[in-house]
1. Scan segment B:260-278 and give yes if some residue there is farther than 19 Å from A:Gln164 by Cβ and away from every other protein chain (no Cβ under 11 Å), otherwise no.
2. Residue check, B:Gln203 against (1) polar (S, T, N, Q); (2) at the interface with another protein chain (Cβ under 10 Å from one of its Cβ atoms); (3) out of contact with any Ser or Thr (no Cβ under 7 Å at 6 or more places or on another chain), all met but one. Which one?
3. Mind counting the residues in segment A:130-160 that are touching a residue at least 24 places away in the same chain (Cβ under 8 Å), assigned to a helix (DSSP H, G or I) and surrounded by fewer than 20 Cβ atoms within 10 Å (Cβ to Cβ)?
4. Restricting to segment B:286-304, and then to whatever is assigned to a loop (DSSP other than H, G, I, E, B) and more than 26 Å from the chain's Cα centre (by Cα), can you tell me which residue is surrounded by the fewest Cβ atoms within 10 Å (Cβ to Cβ)?
5. Can you find even one residue in segment A:161-179 that is within 14 Å of chain B (Cβ to nearest Cβ), part of a loop (DSSP other than H, G, I, E, B) and not polar (S, T, N, Q)?
6. Quickly run through segment A:145-192 and pick out the residues that are of a type in the set (S, T, N, Q) and under 16 Å from A:Arg97 (Cα atoms).
7. Collect the residues in segment A:6-43 that are surrounded by 14 or more Cβ atoms within 10 Å (Cβ to Cβ) and of a type in the set (D, E, K, R), keeping them in residue-number order.
8. Determine which member of the set B:Met160, B:Met165 is within 24 Å of B:Leu4 (Cβ to Cβ), under 26 Å from the mean Cα position of the chain (by Cα) and buried (at least 23 other Cβ atoms within 10 Å of the Cβ).
Amino acid sequence: MTVAEAPELVRVEGLKQYYPVNRGVLFRRQVGAVRAVDGISFLIRRGETLGLVGESGCGKSSTGRAILQLQRPTAGRVFLDGVELTGIKGRTLRRMRRRMQMIFQDPYASLNPRMTAGQILSEPLEIHRLARGRRKERVRELMDLVGLNPGYADRYPHEFSGGQRQRIGIARALALQPDFIICDEPVSALDVSIQAQVINLLEDLQERFGLTYLFIAHDLSMVRHISDRVAVMYLGRIVESAGRDDLYEDPLHPYTQALISAVPLPDPDLEARRSRIVLQGDPPDPADPPAGCNFCTRCPVAVDRCHQEDPPLQEVRPGHWAACHLVA
Amino acid sequence: MTHLLEVKRLSARYYTPGGVVRAVDSISYSLDQGETLGLVGESGCGKSASALCLLRLLPDPPGRIVGGEILFDGRDLLQLSDREMRKVRWSEIAMVFQDPLASLNPVLTIGFQIQEVLRLHEGMTYRQSRDRARELLGLVGIPDPERRLDQYSHEYSGGMRQRAMIAMALACKPRLLIADEPTTALDVTLQAQIVDLVKELQQKLGMAVIWISHDLGVIARLAQRVMVMYAGAIVEEADVRALYHTPGHPYTRGLLRATPHAGAGRERLASIPGQPPDLIEALPGCPFAPRCEHTVQRCRQEVPVLEPVGPAHRVSCWQKDGLAGGAG
């Protein structure tokens, strides 16, 4: 069975995540909202890796947190294997949490410095009352799985290097044998030679356990390497999504085109030859998005219509979606 | 022809409670007028420390330059008095840092900070410095410079702040600009803007640039010559095309292979096993030997020296003759 025919595992419909903007000291009142995620929909099939790329502040991390219900979304629905996560809470939600886990960007901040590696890895097992009586063994198994010496279970996070710490984070995500893992910039804090080690590990684990990944990153080359399909976010919206090769070889949205052309390539001859689209200015404030298309303020090809009408995400070719008046 | 900058056997140490860290280990190189030198390496390899030495800004304590010469225009900077050295900074050699928010004073306007440099180093009056500061902001592409002069750093976006830092660095028309990861904190589209800006300004002003980065892609875009550092030492130095097409040192090849290339499929990334060495322990042989696939007995016993393998191409590896020429 290929990934394209596999059953869907995660479905996101019209997801919105707004953060209130408050003013005043004595009488705090809400004066607006930062639209971090502004109505996005997608689905991920079992065993697939969906890459979610975008620049800082585009809402990609908020999307990940809202899917796992670490933050309740403002609107929209999220399904995992047919169960609506946005409608459940308490024990039911906790039971679903076992099936979805997260790997965080900063292995320094996401591990408790006062717990040993062994305690960090057995905590999820304790919370979910799993592997009773054989937790020590399970911890050793997990450490072995991610390439850590099980003899180091009594060490504290500061005694590990950055790459090893990220391996602990991966082992913790695997502890409950989840189906779905959100990787939120899992390698961007690591050095190049270590990044490759961690990416290879994630790919091996996916193959071995049939894991499904949502891979969130700003590094387009890394996303291209690991993903089956890629969605590009800009200012809270998905502006384009397609199969990996389709997206990188034939990007349709002007933002995707600019983004891909801006990625520096490790080859001086290619660099000298290629033409680049350099965007002017900065992304607008998500609390005050422009009228019409979100990208119209920086778009090199915007026409009048772009400043008035918001383009919907449309299927331009089979499996290739774009939100732009000029390509539809 | 004499070089603009000639560094000879420069060594620096950090004296920490845990031991003496060999941050920079007897490095020698030169730089000509108007040339762009890329300095690549992973965190802790000594690339920033070696750049700080050039300005004698290595934090002391714990850091100290313990040997070598830094000849700038024939004068040894290490022999200058503090007073003379202050004249070299900004006027002759200027530096741009990774984090503009940490380098700018939050309670002074951007205009005040640029004008201060001009008044102190160029002896300008308030009027003259204000005119020149406005001109500089225009030069680095900040729109509406008159209004921007009176704003504070928090009112600037990330890309704007880095532009303001560059404007400040260029204030006294330095002959050498050191850029220490100036685009690492920025998104790709902004990174492309800053790289292009520095390239353009360099051509306009004819200054030499040392660009420090861990990103081989950025270096390929702008450097003429590249030096690769590992564990405080230069392991390879070459013309940019030679370095990317015929890397001579196993570490350089490893770095290039670990970077995902455009067009590459989902095959495994070649990672470099292990981690960089602890610079406190003195290793008897080549610092890369424990991670290198070509290690022979000699590598563990003798420290290799940087020797030519071709025109303007130097490699520090005992096995270089067997390896040179083979692309990574």
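1. no
2. (2)
3. 4
4. The selected residue is B:Glu293.
5. Within segment A:161-179, none of the residues are within 14 Å of chain B (Cβ to nearest Cβ), part of a loop (DSSP other than H, G, I, E, B) and not polar (S, T, N, Q).
6. A:Gln177
7. A:Glu8, A:Arg11, A:Glu13, A:Lys16, A:Arg35, A:Asp38
8. Going through B:Met160, B:Met165 in turn, just one is within 24 Å of B:Leu4 (Cβ to Cβ), under 26 Å from the mean Cα position of the chain (by Cα) and buried (at least 23 other Cβ atoms within 10 Å of the Cβ): B:Met165.
The values are calculated or read from the model by the stated rules, or taken from the named source; none is laboratory data. If you're wondering where the values come from, they're calculated on a predicted model, not measured in any experiment. Every residue, glycine among them, receives a Cβ derived from its backbone with ideal geometry; neighbour counts consider all protein chains shown.
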